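Okay, structure first, notes after.
Just so you know, all these numbers are worked out from the coordinates, no wet-lab data involved. All values derive from a computational prediction rather than experimental measurement. Here Cβ is always computed from backbone atoms with ideal geometry, including for glycine, and neighbour counts include all displayed protein chains.
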Amino acid sequence: MANGQALKRKHDLFLCSSLDVKAVFHCGVISLKFPEAPTVKSACGFFTELLPRCGEIPPVGQVVHENGKMLLQAVLEGVGGQASRNLMDQLAEILFALNKHCFSYLSIWIKEVMQQDGFPSARVTPEQKEIFSQQILRERVNKRRVKDMVKEFTLLCRGLHGTEYTADY
């Protein structure tokens, strides 16, 4: 996904009338689910560059409004155990960007996706999911804290919280 780098250098790329922004967005979401870490990292980079442009590029704003819940679900599936633990910082950056640039949508989407039984992991209780959701929604300034929250939650989702195995994590 070189689109993240392209978007960083030439943000009006998404103003091109022949570009199918929705298709590019969907490719990014699918790429978040790939088993290869470099692909997932590139997809994360793409979204962390794309999301801040929601307000300034109308086609991007519309696609995020219509498909952002799907992005959030893919990110939380990764946090829930589908992605390697060494990708949590990158996934946290997408959550941070959603929170910072799409807060009103995120506050609705996160409630909806977290209400699903067994999502993002059968190991977390509804109370733990609610606490995580509220912590994420409260933190719109400090990216490091969001990364720490995501790391803590992924350990809960994987049943590794408090184990010696994760003492250095």
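Descriptive notes on the structure:
- A Cβ distance below 9 Å, combined with a sequence gap of six or more or placement on separate chains, defines the contacts here; from the stretch 70-81, residues that are in contact (Cβ under 8 Å) with a residue 24 or more places away in the chain and farther than 10 Å from Val29 by Cβ reach residues that are surrounded by fewer than 22 Cβ atoms within 10 Å (Cβ to Cβ) and among the polar types (S, T, N, Q) in the pairs Gly78/Ser84; Val79/Ser121; Gly80/Ser121; Gly81/Ser121.
- Residue in the stretch 66-82 that is over 23 Å from Phe153 (Cα atoms) and surrounded by fewer than 20 Cβ atoms within 10 Å (Cβ to Cβ) present: yes
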